[in-house]
Amino acid sequence: MVQVSIIMGSESDRALGEQAEGVLREFGVECELKVLSAHRNPKDLEEYIERCGCEVYIAIAGLSAALPGFIASRTIKPVIGVPREVKLGGLDSLLSIVQMPTGVPVACVGIDSARNAAILAVEILALKYEELKERLEERRLAGGSRASSPHT
């Protein structure tokens, strides 16, 4: 069963998607990567959300960054937005993600911070899965919470 779905708005987001995937796999979390645009193929995205069955979404998007909000407006499951630095230092993407209307929240990590999005997804899942909670605690005790750069 897929626990986390990592959805990228375009193929150019793949490197960040793979960063998130790597962290999730380190924790033993089942995940999948999908490229589905809220602008170019909204019907396909909507159908995917309806049948996905995951527990948490990570949505990676740049520019207008509509993807996380699109997903959040169609599910009650947690959505974590990862703003991409494409233009304006990524602030356009960041603001698009964090300024969701009341009732349609999207969690948002830092610009290009796909690894943090994955860790947040694990923290959400750890509320349900004791083994993930234990792995998170072990990682923190081992110093795994210290990042070597703001994008790790």
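Descriptive notes on the structure:
- Within the stretch 70-89, tally of residues that are under 18 Å from ALA38 (Cα atoms), free of Cβ contacts under 8 Å to residues at least 24 places away in the same chain and not charged (D, E, K, R): 1
- Just one of (1) among the β-branched types (Val, Ile, Thr); (2) under 18 Å from SER5 (Cα atoms); (3) at pLDDT below 95 fails for THR102. It is (2).
- The one condition in (1) in contact with a Gly (Cβ under 7 Å, 6 or more places away or on another chain); (2) without any contact (Cβ under 8 Å) to a residue 12 or more places away in the chain that ILE111 fails to fulfil: (2)
- Selected residue [modelled with pLDDT of 95 or more, out of contact with any strand residue (DSSP E or B) (no Cβ under 9 Å at 6 or more places or on another chain) and either of a type in the set (A, V, I, L, M, F, W, C) or farther than 17 Å from ILE6 by Cβ (or both)] from ALA126, ALA107, ALA118: ALA126
- Residues (free of Cβ contacts under 8 Å to residues at least 40 places away in the same chain and within 12 Å of the chain's Cα centre (by Cα)) located in the stretch 30-68: CYS31, GLU32, LEU33, LYS34
- LEU136 vs. criteria outside any loop (DSSP other than H, G, I, E, B) and either touching a Gly at 6+ places or on another chain (Cβ under 9 Å) or within 30 Å of GLY28 (Cβ to Cβ) (or both): yes
The values are calculated or read from the model by the stated rules, or taken from the named source; none is laboratory data. Keep in mind that this is a model prediction, so the values were computed, not measured. All Cβ positions, even for glycine, are placed from backbone atoms using ideal geometry, and neighbour counts span all protein chains on display.
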